[in-house]
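In what follows, a single structure is set out as structure tokens and then discussed.
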């Protein structure tokens, strides 16, 4: 397979580096909007040269997790992982339409939760660094008090974890999709689903963020109307 070739592995590694940089924006350098899926789609579109497809895929992930905010100890899904993985899959296999991209989007969704779990695990591992920091504060040896070194070590550790995790995940997804595409080149007929349908489905996150019974009622009514109208309506 192409993914197993030297060129394919270098391409996966390059995407892994891009993911690692975006992931660092979640913790090491929180710049807000730059860690959003739409920003990733914009960068990907500029690099690949297909802005329409990149933003169409990124918008699905942007809308999907509007309900999840980093409050307290809650670690939100790592949006960079599924977004960049889906963008990489669509580019790798030449997917251009919603019926083709929908499977890449669905298969990549779990990466967001796996990525957040890895961040939680890494935070647990850093408890030892916190203990060393307390020891350094209480001791008279200034060499042991090195918070900058502990922070840098944590950043490097998280970067390595993210890089390995994403490259392994992307390689597995490419291999899986290679098998699926070879047996079902067109899993869904063209026109069966459009980008508008995917954006509407993903926008459920925005409705859930309202957290009111009336909003849920409107959502349920809207879903019923769409189900009755059918997916044949072009959006």
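The values are calculated or read from the model by the stated rules, or taken from the named source; none is laboratory data. A quick note: this is a predicted structure, and the numbers were derived from the prediction, not measured. Glycine also receives a Cβ, built like all others from the backbone with ideal geometry; neighbour counts cover every protein chain displayed.
Annotation note: Cβ proximity below 6 Å between a residue of the range 166-177 that is over 15 Å from residue 110 (Cβ atoms) and a residue that is modelled with pLDDT of 95 or more and assigned to a helix (DSSP H, G or I) (sequence gap 6+ or interchain) occurs for no pair. Against the numbered list (1) assigned to a helix (DSSP H, G or I); (2) surrounded by 24 or more Cβ atoms within 10 Å (Cβ to Cβ); (3) modelled with pLDDT under 90, residue 58 comes up short only at (3). Against the list (1) surrounded by fewer than 13 Cβ atoms within 10 Å (Cβ to Cβ); (2) at pLDDT below 75, the condition residue 152 fails is (2). For the range 27-52, which positions are touching a residue at least 24 places away in the same chain (Cβ under 8 Å), within 23 Å of residue 107 (Cα to Cα) and surrounded by fewer than 21 Cβ atoms within 10 Å (Cβ to Cβ)? Residues satisfying the conditions are 35, 36, 38, 43, 48, 50. Within the range 114-124, can one find any residue that is outside any helix (DSSP H, G or I), surrounded by 14 or more Cβ atoms within 10 Å (Cβ to Cβ) and at pLDDT below 85? The answer is no, given that none of the residues of the range 114-124 is outside any helix (DSSP H, G or I), surrounded by 14 or more Cβ atoms within 10 Å (Cβ to Cβ) and at pLDDT below 85. When you look at residue 74, is it in a helix (DSSP H, G or I) and either at pLDDT below 85 or surrounded by 22 or more Cβ atoms within 10 Å (Cβ to Cβ) (or both), yes or no? Taking the combined requirement at face value, the residue does not satisfy it.
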